[in-house]
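Visitor: Structure incoming, see below.
The values are calculated or read from the model by the stated rules, or taken from the named source; none is laboratory data. Model, not experiment: these values are computed from the prediction. Cβ atoms come from the backbone with ideal geometry, glycine included; neighbour counts cover every protein chain shown. For the accessible areas, the whole protein counts, side chains as well, though only heavy atoms, and no ligand, DNA or RNA atoms are used. Shrake-Rupley method; radii C 1.70, N 1.55, O 1.52, S 1.80 Å.
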Amino acid sequence: MLEIVYRDEYLIAVNKPHGLLVHRSPIAAEATEFALQILRDQIGQKVNPVHRIDRKTGGILLFALDKQVEVAMQQAFMDNKVQKKYLAIVRGHTVDTEDIDYPLRKENGTLQDAFTTYTTLKRAELDVPFGAHPTSRYSMVEAVPTTGRMHQLRKHFAHIFHPIIGDRTHGCNKQNKFFTDTWDMNTMLLHASHLQFNHPVTGEQITINAGFQPEFARVMEIMGW
């Protein structure tokens, strides 16, 4: 059963667990569970995702309950009319606030503008040695991407040398192994926490928030947050 965090007659949003695919993909042929099928069976109704979040990312995933609304919401995402906020736990102590203006390359080699702004919410320094350092430092940030490039947040935080913990593609392998060995934790600590948009049918401003999945909450406890 998926946690439903918003529902009306046109839209439904769930708090997707880390590691769950949105739908079937040839990239992950071994997967047998998908958010789309689970939610469809859970509510007994066809659902269509209007955006994507990475398999390893937890948090808000929005579906439409009819085709017209699906098209309208997909257009709203493409036109950057949906405000998205994410929470992430990253390596090191980040500055209080920063804009990351760093173009990202598509699979075909084309560069695309990519812009993220973030604010540091919490910092921790654990009395646990890492490498040559006597302690380990981490930050929790709230990130707002104003463009929607593939793996944008993961690539941007790696670019500023504060990779997201658990990101095996763009992150720090030594840090990821450290988390697995020390705390038996291998989840990517990125959470889609907030969506805000104007409803495509009623015009009402809709705000959706989602609480942390258990893995993310456990690491917050480890950090003393």
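Visitor: Scan Arg91, Arg55 and give me the residue that is under 30 Å from Glu125 (Cα atoms), surrounded by 12 or more Cβ atoms within 10 Å (Cβ to Cβ) and in contact with a Cys (Cβ under 9 Å, 6 or more places away or on another chain).
Guide: Just a single option satisfies the conditions, and that option is Arg91.
Visitor: Looking at (1) farther than 23 Å from Lys177 by Cβ; (2) touching a residue at least 40 places away in the same chain (Cβ under 8 Å); (3) over 19 Å from the mean Cα position of the chain (by Cα), which one does Asp79 not meet, given that it meets all the others?
Guide: With respect to (1) farther than 23 Å from Lys177 by Cβ; (2) touching a residue at least 40 places away in the same chain (Cβ under 8 Å); (3) over 19 Å from the mean Cα position of the chain (by Cα), Asp79 is out only on (2).
Visitor: Looking only at segment 89-109, which residues are without any contact (Cβ under 8 Å) to a residue 60 or more places away in the chain and of a type in the set (Asp, Glu)?
Guide: The answer is Asp96, Asp99, Asp101, Glu107.
Visitor: Somewhere in segment 26-44, is a residue part of a loop (DSSP other than H, G, I, E, B), modelled with pLDDT of 95 or more and over 26 Å from Gly171 (Cα atoms)?
Guide: The answer is yes, given that some residue of segment 26-44 is part of a loop (DSSP other than H, G, I, E, B), modelled with pLDDT of 95 or more and over 26 Å from Gly171 (Cα atoms).
Visitor: Turning to a different aspect of this structure: List the pairs whose first member sits in segment 59-71 and is closer than 24 Å to Glu142 by Cα and open to solvent by less than 30 Å² (accessible area, probe 1.4 Å), whose second member is in a helix (DSSP H, G or I) and not small (Gly, Ala, Ser), and whose Cβ atoms are under 6 Å apart, counting only residues at least 6 apart or on separate chains?
Guide: none
Visitor: Hey, Val128 hits all of (1) over 26 Å from Asn15 (Cβ atoms); (2) under 20 Å from the mean Cα position of the chain (by Cα) but one; which does it fall short on?
Guide: Val128 satisfies all of (1) over 26 Å from Asn15 (Cβ atoms); (2) under 20 Å from the mean Cα position of the chain (by Cα) except (2).
Visitor: Taking Thr202 as meeting all but one of (1) touching a Phe, Trp or Tyr at 6+ places or on another chain (Cβ under 9 Å); (2) more than 30 Å from Tyr10 (Cα to Cα), write down the number of the exception.
Guide: So the condition that Thr202 fails would be (2).
Visitor: Let me ask something additional. Go through segment 186-198 and count every residue that is over 16 Å from Leu87 (Cβ atoms) and either open to solvent by less than 10 Å² (accessible area, probe 1.4 Å) or of a type in the set (Ser, Thr, Tyr) (or both).
Guide: 1
Visitor: Given the criterion surrounded by fewer than 18 Cβ atoms within 10 Å (Cβ to Cβ) and in contact with a His (Cβ under 7 Å, 6 or more places away or on another chain), identify the matching residue among Tyr102, Tyr86.
Guide: Details: Tyr86 fails: surrounded by fewer than 18 Cβ atoms within 10 Å (Cβ to Cβ).
Matching residue, one of Tyr102, Tyr86: Tyr102.
Visitor: To continue, here is another question. Which one is most open to solvent (accessible area, probe 1.4 Å) among residues in segment 35-52 that are farther than 20 Å from Ala192 by Cβ and basic (Lys, Arg)?
Guide: Restricting to residues being farther than 20 Å from Ala192 by Cβ and basic (Lys, Arg), the top hit is Lys46.
Visitor: What number of residues within segment 123-181 are open to solvent by 10 Å² or more (accessible area, probe 1.4 Å), within 30 Å of Arg52 (Cβ to Cβ) and of a type in the set (Ser, Thr, Tyr)?
Guide: 4
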